[in-house]
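Q: Below is a structure I'd like to ask you about.
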Amino acid sequence: MGRRKRQDSSDGDEFRLKRTFQTMLSTVDQLMRELTFACGTLLELKLVNLGNLLAKGVRVELKEHIVSVLVINLGNYPGQASAYATLVGLINVADFEFASECVFFMVQKMGESVHTRDWNKCRGVVHCLVDLYNCRVISSSYILNLLAAFMKDCEALKDPDDLVGITPQVRRDFLAYCVLSAMPLIGRELELEAAFDKLMVSLQIYIKKRSALHSTMLSVWRDFNQRDYLEVMWQQVDGMRQNHWAEPEHQLIPRPYKSFDETLRHGKVHHLRNYCLSAHEEGCRYPAPRVCFRIFSCDSVGEIPNLPPPVSIERHLLEAQILDMLISFHNERKICADSLWMYAASKPQLPVYYCIVEVILGEMLRLPNAKWTTITYGSLLVELCKRQPDKIPQVVVQALDIIYNRLNSMSVACFDRLVNWVSHHISNFGFNCQWSKWAHSLPSPIDPSATNLQPKVVFLRELLKKCCRLSYHQRIKEVVPDILVNFLPPPGLPHFKFVDETLPGAILSKDLLEAMRCPRASPKIISEIIKSSTGIGPLLKINVFTQNCLHLGSKSFSHTFAILAKYQSVFKDLVKGDWDGQIAVLNGVFDVWVASDHYKFVVAEKLVKVFIIEPISIVTWIFGPSMRKELTKMYIWELLHSAVRHLKRVQHDVEVVDVDNPNACDPVVKSVLYTVVERLVKILCSAPFADEGTEEHYWFQWVLGRLEETLFIYADDFKVIKNKLMKISENSSDNRPEVSKTIAAFVACVL
Amino acid sequence: MFASVELSSYRDQHFKGSRSEQERSLRDSCTLYVGNLSFYTTEEQIHELFSRCGDVRVIVMGLDKYKKTPCGFCFVEYYVRSEAEAAMRFVNGTRLDDRLIRVDWDAGFVEGRQYGRGKTGGQVRDEYRTDYDAGRGGYGKLLSQKIAPNTDNR
């Protein structure tokens, strides 16, 4: 009070006004955000509240704020465009000027979002504008004109072979997608308009002429053709047209404005200037092409009552809504699980939870790359299982069963993601899983060596290894049925061969061990012992020293890392710039940790991170003759990708970013990635031809898949060395046509 | 809206510096405190789980001050903030060794902090616990002393 007394009265008023303004601001903010969680009558209630609040007349500053929040929310929650459109519709009835500002700003931001490549925002705003027509805020001619502007690029495609001077297909696909996805919203109202008919014709022509070759390469399963997303969508929208735009049941198209029909009728329509979309710019990136992912079909594992057929507008609309929720809330698994479940609860007649699990898994396994890390999807599924223990877990089990049975034809490029997800998922549920059922579906008798590289066998083996990494050997052994115990790797204990004193290098090993155990041990002393030892070659010396270090540090990762840190200088003196020396170090790691893939990977990774081993040495070593068999195992690829990631981080820190081309690939990274592909192609082309079903045949399939995976992961980097890739592909075409086909298809479909 | 990467209400009372300095370093930190671990959970398991969110720079296991054995917590440091945020989002509250683990921001590891701060050497929470927790040494330390009184009567 004392402080207030000192201010004169006008200051006090201003203070109060400011306070009111702030409160109003945060209330509106909150209410607008809350629109995104609500559905059904709850949403209508919230819209009424917000509409009442805003109808009272708001201050200019607040108006600006509301408009900007509106556009931000459209970008973050594109699935709620119809709710925001309704809001603007309600504003329009009360305050024509304000609504006009909203619309103007939205159109402006849509243009900007194309510039900033914020595709979610662009799509959200387009859908909102389309629904604004339904809310009687803008005219039909404007909306048709806007959509026609989007289709302009697509119409420019006269002949699929005539690729000169036209925009990339990904851009046209995105624009066509915006238009196509808007059609169900306005079809019923506008089907008689000539301009609408023209749009449908352009879409039809575009879908027919564009290339959908990528669908084979982007399919998760080789023998289960996943169709191109846009093509399927066209088929469904066209089906709606033939059905005279009959509204899909269960309110699958959200139309919150319907309950406000009476009110909205009083709004005046705004007339806007025609829209012109900004042209394609060189280097601009667009959303990647996608294919339809369905695992639950009518004929799959028993009947799922009321599940719409895999290819139907109902299924598509469910998928689209679920996807939008993932986009909005993927970072907050609890909120995401809540809103997904609320959505499912709003449609009790439909088994929405099947679609939820299907969409999440589809996104997780999506090729060429998933949008987010595997654990993003995994933690969401765990959350859903916890919240709906009577619904979701059995759906996950069914899905997993279907995926397991299709493993034989699954792309290697998403194999690791699957293993990582399953291990993480079951680790949250006591490692309960269909172990026996899976084991019994293997060809009997189960002999892990005879069918060593069959996909199901590899999957089970890698899964068990991952489970051991997340838990411990004894625990997993107790969980799995006896029939699978053969698949479990032996406990990952260290192995120190120099206890055998007759081995070459054993004397040095003994001397080193003694010296290193001594409290006064220093890098200098150790270095001298290594130098002074005679009778063995330098590479063996390095190997002995490495094994000694790892043996002493074998108690845990920390112990190992501490020893490596202590003797980092000795390592560097021994192997700096010497690739053979670095390989000798790696061989030492593998000698000690022969029984533990986890240690092999983590220790080798650490050696790269502390700059003892260069990433290129990892590449050389992985593709060396002694590692040929290991290439079918997951940890090798974990190591390779970790080394490349490390290199990228280091180069990113040292390099001066090119202002003109910020996406340019660093030359060092480029050369390493090039070497990886070159070595992969070489090892594939030198593989002997083998009959189907033999181990050699499987080996080839695994490694070929790894080539594809590598291309997918670094697609952005490979863009700049496209021509070099093509050259590798051409040179290899004689021996194994599959190899060059893979590279060529990648260059054509993904780059 | 609650964001899972925001700071929790916990503040380390032993932090050297003002409250605002502490909050600033928490906001820039790439280090996480991980709690409610089983005493038997190994560094290797933690490494595997937290690597799912990004490249782990270092793990420091929390040890009993006197026995030098794991006492149910650790620090995990990432190379970049965004990956630590991912761990806050996707690992916090999920299971490791059948326990729901707690992940929280930490201002950064300082030598000495790896030790439990309880009188008996472990974490303070394990002194006053009244429940039986097999993964964390049975009953709380104070309670177990009462249950099994000193039989040495000399």
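The values are calculated or read from the model by the stated rules, or taken from the named source; none is laboratory data. Just so you know, these numbers come straight off a predicted model, no measurement behind them. FYI the Cβ positions are ideal-geometry reconstructions off the backbone, even for glycines, and counts take in every protein chain you see. For accessibility, only protein heavy atoms count, side chains too; no ligands or nucleic acids. Shrake-Rupley method; radii C 1.70, N 1.55, O 1.52, S 1.80 Å.
Q: Roughly speaking, to the nearest percent, how much of region B:17-115's 1.4 Å accessible area is carbon and sulfur?
A: Details: 1940 of 3820 Å².
The value for region B:17-115 is 51 percent carbon and sulfur by accessible area.
Q: Also: Under a cut-off of 22 Å between alpha-carbon atoms, report the lysines in cross-link reach of residue A:63, not counting same-chain residues fewer than 8 places apart.
A: Cα-Cα hits under 22 Å: A:18, A:46, A:109, A:121, A:268.
Q: DSSP loop trypsin sites (Lys or Arg not before Pro) in region A:13-114 with at most 12 other Cβ atoms within 10 Å of their Cβ, which ones? Can you show the working numbers first?
A: Details: sites: A:16, A:18, A:19, A:33, A:46, A:56, A:59, A:63, A:109; in loops: A:56, A:59.
Passing both the DSSP loop test and the Cβ count: A:56.
Q: Okay, moving on. What is the set of long-range amide H partners of residue B:63 at a cut-off below 5 Å, with H atoms built 1.01 Å from backbone N?
A: Amide H neighbours of residue B:63: B:71, B:115, B:116.
Q: Can I ask one more? Taking 41 Å as R0, compute the FRET efficiency from the Cβ-Cβ separation of residue A:189 and residue A:53 and round it to 0.05.
A: Numbers: r = 29 Å, r/R0 = 0.72.
For residue A:189 and residue A:53, the calculated efficiency is 0.90.
Q: Just how far, in whole angstrom, is region A:683-734 from region A:227-294 if you go by their alpha carbon centroids?
A: 40 Å
Q: Do you know the relative contact order of chain A, to the nearest whole percent, from alpha carbon pairs under 8 angstrom that are 6+ apart?
A: Numbers: 843 pairs, mean separation 69.0, N = 751.
For chain A, the relative contact order is 9 percent.
Q: Counting only other chains, and only Cβ atoms inside 10 Å, what mean value do you get across the residues of B:75-81?
A: Details: counts 0, 0, 0, 0, 4, 1, 0.
Mean inter-chain Cβ contacts per residue within 10 Å come to 1.
Q: Calculate how steeply helix A:737-749 sits against the longest principal axis of the alpha-carbon atoms of chain A, using the helix alpha-carbon long axis, and give the answer as 0 to 90 degrees to the nearest 10.
A: Helix A:737-749 sits at roughly 30 degrees to that axis.
Q: Now a separate question. Give me a comma-separated list of calculated 3J(HN,Hα) values for region A:140-156, in order, Karplus coefficients 6.51, -1.76, 1.60 applied at θ = phi - 60°, integers in Hz, x for any Gly or Pro.
A: Calculated HN-Hα couplings, in order: 5, 5, 5, 5, 5, 5, 4, 5, 5, 4, 5, 7, 4, 4, 5, 5, 5 Hz.
Q: Moving to a separate point now. Could you report the buried accessible area between A and B, both sides summed, computed with a 1.4 Å probe and given in Å² to the nearest 100?
A: Numbers: alone 34330 and 9310 Å², together 40750 Å².
Adding both sides of the contact gives about 2900 Å².
Q: Hey, what do the phi angles of region A:456-465 turn into as Karplus ³J(HN,Hα) couplings, whole Hz, using 6.51/-1.76/1.60 and θ = phi - 60°, x for Gly and Pro?
A: 5, 5, 4, 4, 4, 5, 5, 5, 5, 4
Q: Okay, next question. What are the residues whose amide H is under 5 Å from the amide H of residue B:52, where those residues sit 5 or more places off or on another chain and H is modelled from the backbone?
A: Residues meeting the criterion, in which the H sits 1.01 Å from N, do not exist here.
Q: Oh, and also: Extending each Cα 7 Å along its Cβ direction at residue A:30 and residue B:142, get the distance between those two points in nm, one decimal.
A: 3.9 nm
Q: Per-residue Cβ counts within 10 Å, from other chains only, averaged over B:87-96: what number is that?
A: Counting Cβ atoms of other protein chains within 10 Å of each residue's Cβ and averaging gives 6.
Q: Solvent-accessible area per residue for the protein assembly as shown at a 1.4 Å probe radius, Å²?
A: Details: 40750 Å² over 905 residues.
Accessible surface, normalised per residue, equals 45 Å².
Q: Checking the a/c ratio against 1.5 first, then a/b against b/c, what shape does the Cα gyration tensor give for region A:157-299?
A: Details: a/c = 2.09, a/b = 1.29, b/c = 1.62.
Taking the square roots of the gyration eigenvalues as a ≥ b ≥ c, region A:157-299 is oblate.
Q: Excluding residues on the same chain fewer than 8 positions from residue B:67, give the lysines whose Cα lies under 23 Å from its Cα.
A: List returned: A:555, B:119, B:141, B:146.
Q: Then there's this: For the pairs A:541/A:576; A:576/A:609; A:456/A:633; A:510/A:606, note any where the Cα-Cα span goes beyond 18 Å.
A: Pairs exceeding the cut-off: A:510/A:606.
Q: Checking the a/c ratio against 1.5 first, then a/b against b/c, what shape does the Cα gyration tensor give for region A:322-369?
A: On the way: a/c = 2.82, a/b = 1.38, b/c = 2.05.
Cα axes put region A:322-369 in the oblate bin.
Q: Compute the angle between helix A:60-76 and the longest alpha-carbon principal axis of chain A, please, reported from 0 to 90 degrees and rounded to the nearest 10.
A: So the helix axis and the longest Cα principal axis differ by about 50 degrees.
Q: While we're on this one: In region A:307-349, what residues drop by 40 Å² or more in accessible surface going from the chain by itself to the full protein assembly, probe 1.4 Å?
A: Output list: A:331, A:332, A:333.
Q: Using only protein heavy atoms and a 1.4 Å probe, report how much of residue B:30 is accessible, in Å² to the nearest 10.
A: Counting only protein heavy atoms, the figure is 30 Å².
Q: Which ³J(HN,Hα) values in Hz, rounded to whole numbers, follow from the phi angles of region A:197-204 under the Karplus curve 6.51 cos²θ - 1.76 cosθ + 1.60, where θ = phi - 60° and Gly and Pro get x?
A: Using θ = phi - 60°, the values come out as 4, 5, 4, 4, 5, 4, 4, 4 Hz.
Q: In degrees from 0 to 90, rounded to the nearest 10, what is the angle of the helix B:19-28 Cα long axis to the longest principal axis of chain B?
A: Its long axis makes an angle of about 60 degrees.
Q: Okay, moving on. If a/c stays under 1.5 just call it rounded; otherwise compare a/b with b/c (prolate if a/b is bigger, oblate if not). Do that for chain A, with a ≥ b ≥ c from the square roots of the Cα gyration tensor eigenvalues.
A: On the way: a/c = 2.01, a/b = 1.73, b/c = 1.16.
Prolate, because a/c is 1.5 or more and a/b exceeds b/c.
Q: May I pose another question? Using amide H atoms built 1.01 Å from N in the peptide plane, name the residues 5+ places from residue B:105, or on other chains, whose amide H lies under 5 Å from its own.
A: B:8, B:33
Q: Then there is this: Taking only DSSP H segments of four or more residues, each worth -39500 (n - 2.57), what value at 222 nm results for the protein assembly as shown once the sum is divided by all its residues, to the nearest 500 deg cm²/dmol?
A: Working: 41 runs with 521 residues, N = 905.
When only DSSP H runs of four or more count, the value is -18000 deg cm²/dmol.
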